[in-house]
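The values are calculated or read from the model by the stated rules, or taken from the named source; none is laboratory data. Owing to the predicted nature of the structure, the values given are computational and were not obtained by experimental measurement. Cβ sites come from the backbone with ideal geometry, for glycine too, and all protein chains shown count toward neighbours.
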């Protein structure tokens, strides 16, 4: 009784769904029966969804072990490409099979029985490998050409959209999924207006019973929420050619077998991205506001801080550099980072370190005093009403936001000019995009001009300020440490530590034009203590 084995492989999930693996096996089984061989179930080797570029495949390894054990006389494959798509790897496997004196039968290749047939098969294998690479390159260039023509080329629709495949009449495009789009708008407003972090968004979605699109789990995760908040598709700009595949440095799958070798993605320079238009879900101003909030969330993330302090990322040295907090237990200091950034060169700043506990307490007490000072709040309320009457409903904050958006549009114009100069855009595409940007600029400029002409007189009940400051003081005194951090993060711009134990606190509650409270050293301990932890008890004992 002659015993045979079969090996089959498909490389994509699409091929698996179309049942090409079953068709391969069925055709091979028929051939084995015609040749008079017996096929035991343990000699059926099938790799579903594995790339032919890889030699590390679980069933292929099992097959190679069985070949060395000489458990069968013949091996049947649909074609030699099932063993490997790489010609060199294919030759290695064929040589292993030949050394084990196992007959190799390919249903759609030359089965070499002499030197001439062997040479012909190898030549065909080289051409197959070359043609495979040429086809991949043609596909790549074809997709880039279609993307440059403004066609939507991404196969998966982001959350909030539905993907409409290509038909004879139309190229593929996106349409808004109104149910999901409403959730997208809510998420952006939560981050922009309520200042939620991605973790806060995940919690809110769970409380509202809103699952992810694929519903593999009941809660969202950080990655999808963060990518959603960074996705420019929602403001009408989809990009193709943003990323390329690379081998991951720290792969999540640490097992020996990986179906895809280049399973990670790396971002290309933005100049190489190709833009296409999709329907808008949110305004660009809201999108930009969320991007700024994401930067702040990352900057003040508690996981980025090794030690606990009230003013993270807010303390600056008189030289202009940040002061990082260092030390252990009760010995913590805000120290200038000049020595870190200048290393190995000599440091330029020799400012003393600042006791973190004392500075935190000093700033908090003085900020609390500013917020509960009835006369100060009264003066600023009157000044605010006077300024509002002059400026009108168009506040300085709104004006700065619109001007920032105008600068963004000017930068976008420059990018299109560079893309046209580099040959990435045709003349028609360049004109179309330039006209769109110019139209948006004109609308924004008209909006700025019209809003600036509006004059309204705001009214504040000055008689309520006394009770307001009293209630506000009670609330501030009841805050937890974490709540104080959040409050100071929104109120303060920076805390500059100068010479002579002086601190300059700048924020958004004015005394003249802004908070400029110069606080003298009035605590029980020295504010500046430049000693390191090992010297604290000896030099700075209190």
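Quick rundown of the values:
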item: Within region 243-266, tally of residues that are more than 20 Å from residue 145 (Cα to Cα) and either touching a strand residue (DSSP E or B) at 6+ places or on another chain (Cβ under 6 Å) or modelled with pLDDT of 85 or more (or both); result: 6
item: Region 311-350, subset surrounded by 20 or more Cβ atoms within 10 Å (Cβ to Cβ) and more than 33 Å from the chain's Cα centre (by Cα), residue modelled with the lowest pLDDT; result: 332
item: Hits in region 146-169 - residues which are surrounded by 11 or more Cβ atoms within 10 Å (Cβ to Cβ), free of Cβ contacts under 8 Å to residues at least 24 places away in the same chain and within 27 Å of the chain's Cα centre (by Cα); result: 157, 162, 163, 164
item: Qualifying position, being farther than 30 Å from residue 363 by Cα, at pLDDT 75 or above, exposed (fewer than 14 other Cβ atoms within 10 Å of the Cβ) and not assigned by TED's automatic domain parsing to the domain that holds residue 353, among 406, 444, 427; result: 427
item: Strands (runs of 3 or more DSSP E) fully within region 60-177 counting 1 or more residues that are in contact with a helix residue (DSSP H, G or I) (Cβ under 6 Å, 6 or more places away or on another chain); result: 74-77, 103-106
item: Complete set of residues in region 259-279 that are farther than 22 Å from residue 58 by Cβ and assigned to a strand (DSSP E or B); result: 265, 266, 267, 274, 275, 276, 277
item: Test: residue 233 is assigned to a loop (DSSP other than H, G, I, E, B), under 30 Å from residue 413 (Cβ atoms) and either in contact with a helix residue (DSSP H, G or I) (Cβ under 6 Å, 6 or more places away or on another chain) or not assigned by TED's automatic domain parsing to the domain that holds residue 55 (or both); result: no
item: Residue identified as at pLDDT below 85 and either more than 17 Å from residue 86 (Cα to Cα) or not assigned by TED's automatic domain parsing to the domain that holds residue 74 (or both) among 27, 16, 42; result: 16
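Rundown of residues vs (1) touching a strand residue (DSSP E or B) at 6+ places or on another chain (Cβ under 8 Å); (2) touching a residue at least 24 places away in the same chain (Cβ under 8 Å), yes/no style:
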site	(1), (2)
197	no, yes
238	yes, yes
241	yes, yes
269	no, no
